[in-house]
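Presented below is the structure to which this report refers.
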Amino acid sequence: MKVPTAELLEEIQEMVRRNHQIKHPLAQMLFEGKLTPNQVRELVGQQSCIPLYNHKFHGNLYVVCPDHRWRARIAEIVYEEGSGKLFANGVSHHELYLRFGEALGITREQLWNWPLCAEALAFRIHYETVCARSFLEGISTHTLAGESQTAGYVLRVAEAFKKHYGLTDEDVLFWTVHEEADTDHANVGVELLDEFARTETDQQLVRKAVAESLMMRRLRDDGIYRAVMAA
């Protein structure tokens, strides 16, 4: 049976709370400063599977969006990711990540060519595929399950890098910018649910997409954890 959007959102938020990335052992090790410099670089290299390839996710959502009004909203996200002119003083988000890597001693060439673990690679391909297949599934995967986890988490990441690994406010701009930018993106997903999840079948598709995204995110983090521990 179709439920009110508010009830569906609460279901999704509870799913995210149970599986939030902030609870993963790797996040806790980062927050507590327990990673060696080599392990930190491995973490940053593996996590590049998202920020360096975001055009493959948001770009696909723009292409498959069936409504011109919402396509304009997605275009704003694509524009911000690629230019940084809304939240990042004109610096693209992938450029911010490259600068972040440089602050930790990772060259741009190394970061672009980082040998991703199988789980990080699978996560990237999963995101790209879902965002190209279905707008409703893509929004659910990328915003409701993914970017909804940003608020609070990215600030803790930024503080950990400053406190334990010697980075400056400027070095961690990639993270602090996303506190505002991804909250805005996640809100787009919430608004879209009310308009696009019109039937019980639609709502079931949203639940399935969120559950699979959270499962893939955990798979990614487990794989990255093993790669980091081996570094």
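Looking at VAL157, VAL210, VAL130, VAL228 in this structure, which one is within 22 Å of PRO4 (Cα to Cα), of a type in the set (A, V, I, L, M, F, W, C) and not in a loop (DSSP other than H, G, I, E, B)?
None of the others qualify; the one that does is VAL210.
Return yes or no: is LEU193 assigned to a loop (DSSP other than H, G, I, E, B) and modelled with pLDDT of 80 or more? Spelling it out, it is not the case that LEU193 is assigned to a loop (DSSP other than H, G, I, E, B) and modelled with pLDDT of 80 or more.
Please tell me if ALA118 is out of contact with any Asp or Glu (no Cβ under 6 Å at 6 or more places or on another chain) and at pLDDT 95 or above. Criteria met by ALA118.
Scoring VAL44 on the criteria (1) over 17 Å from GLN149 (Cα atoms); (2) among the β-branched types (Val, Ile, Thr); (3) modelled with pLDDT under 95 leaves a single failure, condition (3).
Could you list, in sequence order, the residues of region 160-175 that are farther than 22 Å from GLU81 by Cα and free of Cβ contacts under 8 Å to residues at least 12 places away in the same chain? Residues satisfying the conditions are LYS162, GLY166. The helices (runs of 4 or more DSSP H) found wholly in region 1-107 and carrying at least 2 residues that are among the small types (Gly, Ala, Ser) and within 17 Å of ALA158 (Cα to Cα) occupy 93-103. Any residue at all in region 179-190 that's crowded, with 21+ Cβ neighbours inside 10 Å, in a helix (DSSP H, G or I) and at pLDDT 90 or above? The answer is no; no qualifying residue exists. Output yes when any residue across region 164-175 is over 17 Å from the mean Cα position of the chain (by Cα), part of a helix (DSSP H, G or I) and surrounded by fewer than 22 Cβ atoms within 10 Å (Cβ to Cβ), and no when none is. Yes, region 164-175 has at least one match. Taking the condition at positive phi and either within 18 Å of the chain's Cα centre (by Cα) or modelled with pLDDT of 90 or more (or both), does GLY59 pass? Here the answer is no, as GLY59 does not meet what is asked.
Restricting attention to region 97-153, the residues that are of a type in the set (Ser, Thr, Tyr) and touching a Gly at 6+ places or on another chain (Cβ under 9 Å) add up to 5. For region 134-163, a residue qualifies if it is modelled with pLDDT under 90 and surrounded by fewer than 16 Cβ atoms within 10 Å (Cβ to Cβ), and the qualifying residues are ALA151, GLY152.
Identify the residue in region 33-56 that is in contact (Cβ under 8 Å) with a residue 40 or more places away in the chain and exposed (fewer than 13 other Cβ atoms within 10 Å of the Cβ) and, among all such residues, is nearest to LYS162 (Cα to Cα). If you could, list the steps in order and put the result at the bottom.
Filtering region 33-56 down to residues in contact (Cβ under 8 Å) with a residue 40 or more places away in the chain leaves 33, 35-54, 56.
Subsequent filtering for residues that are exposed (fewer than 13 other Cβ atoms within 10 Å of the Cβ) retains 33, 36-38.
On the way: GLY33: 10, THR36: 14, PRO37: 13, ASN38: 17 Å.
Only one residue tops the list, namely GLY33.
The values are calculated or read from the model by the stated rules, or taken from the named source; none is laboratory data. Not measured: the values here are computed from a predicted model. For neighbour counting, all protein chains shown are included, and Cβ atoms are generated from backbone atoms with ideal geometry for every residue, glycine included.
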